[in-house]
Amino acid sequence: MGLLLPALIALVAAVIGGLYILGAFRKRQPGEPPLEKGPIPWLGHILEFRNDTALFLQRMKEKHGDIFTVQLAGFYFTFIMDPLSFGNIVKEARAKLDFNKFARHLVKRVFDYQPTDSDHELLHASSNKHLMGDGLEIMTQSMMKNLQSMMLHSIDSTTEQGAWKEDGLFHYSYNIVFRAGYLALFGNETAKTCGTLDKAHEVDRLESDKFFYEFRKYDKLFPRLAYGVLPPREKMEVERLKRLFWSTLSVHKLSEKENISGWVLDQQEARREMGMDESMRNRHLFLLLWAAQGNTGPSSFWLLLHLMKHPEALKAVRNEVEELLRETGQEVKRGGPLIDLTRDMLLKTPVLDSAVDETLRLKTAPVLIRGVMEDMSLKMADGNEYRIRQGDRVALFPYSAVQMDPEVHPEPHTFKYNRFLTPEGSKKTDFYKNGKKLRYYNMPWGAGVSMCPGRFFATNELKQFVFLMLTYFDFELKNPHEEIPAIDVKRWGFGSMHPVRDIQFRYRRRF
């Protein structure tokens, strides 16, 4: 009996402690947003959130308004659904709202890479140097060379002159853009290694194609990996894929390539000088590849598909492309030189720019997350203030909050290629909510410290792909009346959405 009482006390204490950890005792305090703990202790609403993020958040907004806190897998997330209030989140000091804390946790889980304290600064410094301004000119030319190599070889080597070739549009777009971007960033095989330059190009094409298929396997598993819900067999597959990527992208193999981008080289050299071991640098290279190429292929698919389904849009973009070629004195003909599409030319495509922005509005849906570093007060645009607890997270989901808001974007589910054009033909930036001009009206690249540093390079990739398709090929949907595939709702929050199925098309050389 003497031992029973202490044991019972310890058991009760353990149960109470466990319930506390699971969030069972958390209650909404005065001044805090509405609280939704969910039906399952600790897990909260994570199952519904993961199954369809947009639908879940819309239900919460209808129930609670523009701000609410929900429990998701042990963490409390306060979602802000009023785009007029986004600025207060984006501009808040890192001492209060920090992006890095959440990002470090996710990167460790999905890439087995341990970020350093200076990772974010190194990435932005290298991106500012090589993926913007004058540095972007070099990357644009490298991407152009590799795109033309992939696109033209894919049909010239297997198809008789003038014959149509069929493929899935998602597969084709993702495959071509991924492989060209991979080679532009991580370099080409050398003639010295392969024997001749032609052989080196052949190895690039074959090896990049094999690599793409392995990357797609990882890409399909990525949402479940990020949520930590992979079954045992898929966990084993992810580990196999990681080892393959670390080997293929290793520092050692990188040293044997040529034409490696300064973006990759600078970041590797900085980590080497910091004393980071080679195995961790290999992991960082895979992180860079996924960050750079995980979204551009799917976005290229959606852009080309929407243009194909809207003849007036396709005609407007084609006219702009042809006019630009005439202005630069370039003519495309069989046996003639390849076109030289420069960064300066890509700055003169307002119609294509608008079509890109509209595609990203419709099909890109990141969740922007900040860790709450101290107890703080958050002021909304309507003047109300809410207390937010240290240790919680603040999140924005611009897709539902602004990109699909009919007040901001009339007929939000309809593709309008000129939505982001003024009547004079320049970029439109005036969008309103409740009579007030919005600063954040389309957020496919994120915002503030978490804004994608490679967005200019990625945008150029999309534009180059469509520019070359219009220039070199005739193309059409195999079934022009087939509906646009629905998006895979399991990928909400991870950037560019994927379709639930592919759609068949055919293409052939124009000249």
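The values are calculated or read from the model by the stated rules, or taken from the named source; none is laboratory data. The shown structure was predicted, so the numbers you read here are calculated from the model rather than taken from an experiment. No Cβ is skipped: glycine too gets one built from the backbone with ideal geometry, and neighbour counts run over all protein chains shown. These accessible areas exclude ligands, DNA and RNA; they are computed on the full protein's heavy atoms, side chains included. Shrake-Rupley method; radii C 1.70, N 1.55, O 1.52, S 1.80 Å.
If you roll a 1.4 Å probe over the heavy atoms of the protein chains, what accessible area per residue do you get for the chain, in Å²?
Ligands and nucleic acids excluded, the result is 46 Å² per residue.
Sparsely packed loop sites in region 313-358 (the trypsin sites (Lys or Arg not before Pro) outside DSSP H, G, I, E and B with at most 16 other Cβ atoms within 10 Å) comprise Lys333, Arg334, Lys348. Taking the protein heavy atoms of the chain in the context of the full set of protein chains, the accessible area attributed to carbon and sulfur is 55 percent at 1.4 Å. Counting only lysines at least 8 places from Lys436 when in the same chain, those with an alpha carbon closer than 18 Å to its own are Lys379, Lys428. Pull out a ≥ b ≥ c, the square roots of the eigenvalues of the alpha-carbon gyration tensor of region 139-186, then state rounded if a/c is under 1.5, prolate if not and a/b is larger than b/c, and oblate in the remaining case. It is oblate, given that a/c is not under 1.5 and a/b is not larger than b/c. Per q in 0.08 1/Å, what log10 I(q)/I(0) does a Debye calculation on the alpha-carbon atoms of the chain return? Debye curve over Cα of the chain, log10 I(q)/I(0) at q = 0.08 Å⁻¹: -0.55.
Taking a ≥ b ≥ c as the square roots of the eigenvalues of the Cα gyration tensor, an a/c ratio of 1.5 or more together with a/b no larger than b/c marks region 292-331 as oblate. Excluding residues fewer than 8 places away in the same chain, name every one of the aspartates and glutamates whose C-alpha is closer than 16 Å to that of Lys257. Cross-link targets: Glu189, Asp198, Glu202, Asp204, Glu207, Asp266, Glu269.
For region 369-394, backbone nitrogen atoms closer than 20 Å to the point 7 Å from Tyr432 Cα along Cα-to-C-beta are found at 381-383.
Which GluC sites (Glu not before Pro) in region 119-200 pass both tests, a DSSP loop state and at most 14 other beta-carbon atoms within 10 Å? Answer in residue order: Glu160. Sparse packing (at most 14 other Cβ atoms within 10 Å of the Cβ) combined with a DSSP loop state is found for the following GluC sites (Glu not before Pro) in region 351-443: Glu374, Glu407, Glu424. Rounded to 0.05, the FRET efficiency of the Glu234 and Leu55 pair, given R0 = 22 Å and the Cβ-Cβ distance, is 0.30. Taking 7 Å steps out from each Cα toward its Cβ at Glu62 and Val500 produces label points 1.9 nm apart. Global size of region 72-116: 13.2, 37 Å for Rg and Dmax (C-alpha atoms, Rg to one decimal, Dmax whole). Residue separation of Asn479 and Lys145 scaled by 0.36 nm, minus their Cα-Cα distance, works out to 117.1 nm of gained length. In summary, the aspartates and glutamates within cross-link reach of Lys309, defined as a Cα separation below 19 angstrom excluding same-chain residues under 8 places away, comprise Glu166, Asp167, Glu320, Asp353, Asp357, Glu358, Glu411, Asp474, Glu476, Glu482, Glu483, Asp502. Shape index of region 372-499: Rg/Rh, with Rg the Cα radius of gyration and Rh the Kirkwood radius from the inverse mean 1/r over Cα pairs, equals 1.03.
Considering every alpha-carbon pair of region 56-186, the percent of pairs per 10 Å bin, from zero through the bin containing the longest distance, is 9, 21, 24, 25, 15, 6, 0. Full extension of the chain between Glu323 and Arg510 gives 65.6 nm of extra length, using 0.36 nm per residue less the Cα-Cα distance.
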